Amino acid sequence: MSDSEDNLKRIELKKPPEGFKELMIALKWIEFLVGKVGHSGLEEVLEFYKEMGWINDDVLVSLEKLSMGFRSFRGDGDQEFIREEEADLKPQSYLTSKDHIKSLLYIRSLKGEEIDNDLIAKLNKKFKRINKRASNISDL
């Protein structure tokens, strides 16, 4: 097994959320994803995460079942339900790299692993430096 395959195995969420804390984290993750890609894009995103080795089939099915209980609300504070045909009008319908990183953090939380805030701060600094260098290159 290569190092990259070994790293992916360490990422993989192997069991569906069961306890109260895990279910709350899973519901917040689903809410985040649905807010980004809509109900119609959720299945595709979860399938992508399965293909990447971040979740397995059992987790995918469990998260899809949990998502069935979601209803979309208007974002104007009224908490008025949106009709199903309107539900996917607002989402951006794609995830950014930052969104995928957030998903990895949700996965880590669901696995019961601590999130190292120092590491996240260091990564954010590194990303900013990379983006700055990349923008300097594009100015050439």
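The values are calculated or read from the model by the stated rules, or taken from the named source; none is laboratory data. Only a predicted model underlies this, so the values are computations on that prediction, with no experimental measurement involved. Cβ: placed from backbone, ideal geometry, glycine included. Neighbour counts: every protein chain shown.
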Next item on the list: Quick one: which residue in 21, 15 is surrounded by fewer than 17 Cβ atoms within 10 Å (Cβ to Cβ), outside any helix (DSSP H, G or I) and modelled with pLDDT of 90 or more?
Entry: 15
Check: For the stretch 26-140, which helices (runs of 4 or more DSSP H) that fit wholly inside it have 3 or more residues that are of a type in the set (S, T, N, Q) and at pLDDT below 90?
Finding: 117-138
Next item on the list: Working only within the stretch 30-49, note down all residues that are under 19 Å from residue 11 (Cα atoms) and crowded, with 16+ Cβ neighbours inside 10 Å.
Entry: 30, 33, 45, 46, 49
